[in-house]
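Read-outs: derived from the displayed coordinates by stated rules, not from any lab. Keep in mind the model is a prediction, meaning the values are calculated, not measured. Cβ sites come from the backbone with ideal geometry, for glycine too, and all protein chains shown count toward neighbours.
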Amino acid sequence: MNKKRVYSGIRATGRLHLGNYFGAVKGMLELQDQYDCVFSVVDLHAITTPYDPKTLKQNVRDVVLDYLAAGLDPERCLIEIQSLVPEHTELAYLLSTIYPVSRLEDLPTYKDKKAQYPKYVNMGLLFYPVLMAADIMLYKAELVPVGRDQEPHLEVTREIARKFNDMFPSAGSGQVTFPEPQRFKTPAEYVPSLTGEGKMGKSTEGSYINLTDDLKTIKKRLAAVPTDSGELGGDIPATGGVATLFTLLQILNKEDLYNKYAKDYRDKKIRYSEMKEELSNAIYEELRPLQQKRAEIESSFDLDNMIKKHTEICRQVASQTLKEVKQKMGLT
Ligand code: TYM
């Protein structure tokens, strides 16, 4: 690993949805040719919210399959399963000793999850951003392809990197230990929810479309998007279900359809059933090649062997960083 490094991860909460794809995976695809990339399935992050231990392994596998189906190439990037590289948790612990608890308690993601699962407020949830910082810092990554929602976590990572560099300067060389990573933005850094409220996400039923959904399922999910009478006219709304439909057309680069329905909207004659039908077809058109590739990989590709090889390489890099950190912190 000699080039600029890139790291990103997706929680092992099941199959990927359009938000993951357009907000993160598209960025990974763009970067895998130019940089040394590690793309992870973060299973340790997935267990901070309620989950079923019986399906966790399958969830991990589903994310790997979706990664490969979307076009991540195991010859051009490393695919990591976070819990197979124990250096993540060790580095996270070390970094936690230089970061204030109060800052973690203030983060919007922590507050949101606390509100969502009031009976599941655990240390891991509070610790989530520190583990995420450790993920990125373990590989000294400079670029992180993630959606807009992850910006506060990246800010934490930069703060931790800065603090570590200040507290434990490198002797002589003048080189800092950790770069301050930047977010790599995709054109669709925020994919709205089908419910018309907030972002598309796994934890809200009715909010997402999976990459593996067939046309019938996509149509069903879009049919439930709330719309209006179609006779409002004026500007296209910025929020709500109608806004989501228009945004999805934009994300899919369906400019003609967008313009047609925008005109219909302004002319107070928009027919949402027709719009949803065309949008469903456009989404399925985008997903069908991925679904075909997924089926091929599932039947012929040796996932376990690939993971074994990639884990070894990841651990070599990770153990070097950890050794350096421990030395600098006076632990050897
Ligand atoms: P997760 O699983 O919640 O999300 C995975 C990725 O998908 C992006 N994403 C979206 N982007 C745009 N619009 C949406 N509606 C949408 N929903 C999800 C997220 O921004 C993210 O890029 N905390 C990370 C996982 C993680 C990580 C890391 C990422 C752990 N360690 C280190 C990068 C580097 C997360 O949000 O996962």
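For I98, neighbours were defined as the other residues whose beta-carbon sits under 11 Å from its Cβ, and their charges (Lys and Arg +1, Asp and Glu -1) total 0. Taking chymotrypsin sites (Phe, Trp or Tyr not before Pro) across segment 105-171, the ones in a DSSP loop with at most 15 further Cβ atoms lying within 10 angstrom of their Cβ are Y120. Computed from backbone phi with θ = phi - 60° and the Karplus coefficients 6.51, -1.76 and 1.60, the 3J(HN,Hα) list for segment 119-132 is 9, 9, 8, 10, 4, x, 5, 5, 7, 2, x, 6, 5, 5 Hz; x is used for glycine and proline. Do any of K3/K308; K113/K326; K140/K308; K140/K202 go past 26 Å between their Cα atoms, and which? Violating the 26 Å Cα-Cα cut-off are K113/K326; K140/K202. For the chain, the antiparallel share of DSSP beta bridges with both residues in that region comes to about 10%. Net charge dipole, the chain: roughly 400 debye, given to the nearest 20, about the Cα centre with Cβ charges of +1 for Lys and Arg and -1 for Asp and Glu.
Neighbours of M275, meaning other residues whose beta-carbon lies under 15 angstrom from its beta-carbon, give a summed charge of +1 when Lys and Arg score +1 and Asp and Glu score -1.
Within segment 248-332, which trypsin sites (Lys or Arg not before Pro) sit in a loop by DSSP and count at most 13 neighbouring Cβ atoms inside 10 Å? Hits after loop and neighbour filter: K268, K269, R271. With no solvent and one point per C-alpha, what does the Debye sum give as log10 I(q)/I(0) for the chain at q = 0.07, 0.11, 0.15 Å⁻¹? So the normalised log intensities are -0.32, -0.75, -1.25. Charge tally around T55: other residues with Cβ under 14 Å, Lys/Arg +1 each, Asp/Glu -1 each, net +3. Backbone geometry of segment 258-270 corresponds, through the Karplus equation with coefficients 6.51, -1.76 and 1.60 at θ = phi - 60°, to 3J(HN,Hα) couplings of 4, 5, 4, 6, 5, 5, 4, 5, 4, 7, 6, 9, 6 Hz, x marking Gly and Pro.
Cysteine residues of the chain whose Cβ has no partner cysteine Cβ closer than 4.7 Å: C314. The GluC sites (Glu not before Pro) of segment 64-108 meeting both criteria, a DSSP state outside H, G, I, E and B (loop) and at most 10 other C-beta atoms within 10 angstrom of the site's C-beta, are E75.
In order along segment 63-79, phi translates into HN-Hα couplings of 5, 4, 4, 5, 4, 5, 4, 6, x, 5, 10, x, 8, 10, 8, 9, 10 Hz, rounded to whole numbers, per the Karplus curve 6.51 cos²θ - 1.76 cosθ + 1.60 with θ = phi - 60° and x for Gly and Pro. Pairs of lysine residues in segment 215-293 that meet both criteria, 8 or more places apart or on different chains and Cα atoms under 16 Å apart, total 9.
Amide H contacts for S40 (H built 1.01 Å from N in the peptide plane; partners 5 or more residues away or on another chain; cut-off under 5 Å): S8, G9, I10, E80.
Take each peptide in 189-196, 299-306, count the other Cβ atoms within 10 Å of every residue, and average; sorted highest first, the result is 189-196, 299-306. The alpha carbon convex hull volume per residue for segment 56-178 rounds to 143 Å³.
Rg and Dmax, both from the Cα atoms of segment 1-89 and both in Å, are 12.8, 39. All Cα-Cα distances of segment 164-294, cut into 5 Å bins from zero to the largest, leave 2, 9, 17, 19, 16, 9, 5, 4, 4, 5, 4, 3, 2, 0, 0 percent in each bin in turn.
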